[in-house]
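Asks: This is the structure I want to talk about, given as structure tokens.
The values are calculated or read from the model by the stated rules, or taken from the named source; none is laboratory data. Everything numeric here is computed off the predicted structure, so don't read it as measured data. To get the accessible areas, we keep the full protein, side chains included, count just its heavy atoms, and leave off ligands, DNA and RNA. Shrake-Rupley method; radii C 1.70, N 1.55, O 1.52, S 1.80 Å.
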Amino acid sequence: MHFLDRASIEKPECLGNYVYPERNWDSFGSSCKKKLRAALVELQGEPGVSNAPGAEEFGVRCAYCESFIHHDGHIEHFRRKNPNHFPELTFSWENLFLACGATTHCGHFKDAPRSEIYDPNDLVKPDVEDPRPFFFFSVQGSIHARDGLSASDRHKAVETIRVFNLDDPNLVAKRRKAMASLREKYDELLSEFDDLLVGDKSESEMRDIEALISEWIQGEIQASKYQPFSSAVQDLFA
């Protein structure tokens, strides 16, 4: 899960034409829905991807698990639009995200009939709070509440993992693969420095070598910023 700067994206004006209970989601016009999708693509994608010909949702990550969203993604209501929950937020811009189409985690899992009851106030909302301080990813790809959290923040982290099933085995495997690929590149880099590390080195020389390695790490983190599971990649070098 990564922070989404909703304030930087212009709300689709057409949403103002849809007000519950006069309108429901089934009556949501295709023209406005396309504009909404475009705005969410801009919110959740790499800058410029929404303007790329034929880009559609490609290159855009799920608001919850950080997987790439392709054609099977869907518009997700953070707070359920079900009449028994928050129908008044059906067309609320602040309540809408793009999520992957998986049924074993994220939005579909959260609101499936079989899912356990939850309080949305106990979840990390990625356009309100930066999720990074809440979660830690192991090198094996699993997600955990980060150490040092307050009791309330720890509860929120644990509930978010549970409700969205962010520790789904399929997600764990994908994150592990992404981290392993970068770790392999890192090990190759270190092997290239083996000759430089032979023999006695001055403090200045060691600082130069460490600076080169640090520069490479920061470059890889920046390069992965809009790739799937970038939060896990950052923890690899934490």
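Asks: Per Stokes-Einstein, at 25 °C and 0.890 mPa s, what whole-number D in µm² s⁻¹ belongs to the chain, with the Kirkwood radius over Cα pairs as the hydrodynamic radius?
Replies: Values: Rh = 19.7 Å.
Using the Kirkwood radius from Cα pairs, D works out to 125 µm²/s.
Asks: So what is the 222 nm mean residue ellipticity for the chain from helices alone, if each DSSP H run of at least 4 adds -39500 (n - 2.57) and you divide by all residues, rounding to the nearest 500 deg cm²/dmol?
Replies: Rounded to the nearest 500, the figure is -12000 deg cm²/dmol.
Asks: Here's something else I'd like to know. Can you tell me which of ARG207, ARG61, ARG162 moves the most in a GNM of the chain? Springs connect C-alpha atoms under 10 Å apart.
Replies: Answer for the Gaussian network model of the chain: ARG207.
Asks: Sticking with this structure for a sec: Probe 1.4 Å, all protein chains in place: accessible area of SER67 in Å², nearest 10?
Replies: 10
Asks: Send over the Kirkwood Rh of the stretch 9-149, from the inverse of the averaged 1/r over different Cα pairs, rounded to one decimal Å.
Replies: Roughly 16.4 Å, rounded to one decimal.
Asks: When only C-alpha pairs under 8 Å and at least 6 residues apart count, what is the relative contact order of the chain, in percent? Before the final figure, lay out each step's value.
Replies: Numbers: 319 pairs, mean separation 47.2, N = 238.
Value for the chain: 20 percent.
Asks: Carbon-plus-sulfur fraction of the accessible area of the stretch 132-195, 1.4 Å probe, in percent?
Replies: Carbon and sulfur together cover 52 percent of it.
Asks: Listed here are the pairs LYS156/LYS185; LYS110/LYS225; LYS156/LYS225; LYS35/LYS156; LYS35/LYS177; LYS125/LYS185; which of them are more than 29 Å apart at the Cα?
Replies: Working: LYS156/LYS185 35 Å; LYS110/LYS225 26 Å; LYS156/LYS225 24 Å; LYS35/LYS156 32 Å; LYS35/LYS177 35 Å; LYS125/LYS185 33 Å.
LYS156/LYS185; LYS35/LYS156; LYS35/LYS177; LYS125/LYS185, as the Cα separations exceed 29 Å there.
Asks: Check the straight Cα-Cα distances from LYS174 and name the aspartates and glutamates below 14 Å, setting aside those fewer than 8 residues away within the same chain.
Replies: Once the sequence-local aspartates and glutamates are set aside, what remains near LYS174 is GLU66.
Asks: From largest accessible area down, sort TYR64, TYR118, TYR226, TYR20; use a 1.4 Å probe on the protein chains.
Replies: TYR20, TYR226, TYR118, TYR64
Asks: Also: Rounded to the nearest 5, what % of DSSP beta bridges with both residues in the chain are antiparallel? Please report the intermediate quantities before stating the final value.
Replies: On the way: 10 of 10 bridges.
Just about 100 percent of them are antiparallel.
Asks: Right, next: Keeping every protein chain in place, order LYS35, LYS156, LYS110 by accessible area at 1.4 Å, biggest value first, i.e. largest first.
Replies: These residues rank, largest area first, as LYS35, LYS156, LYS110.
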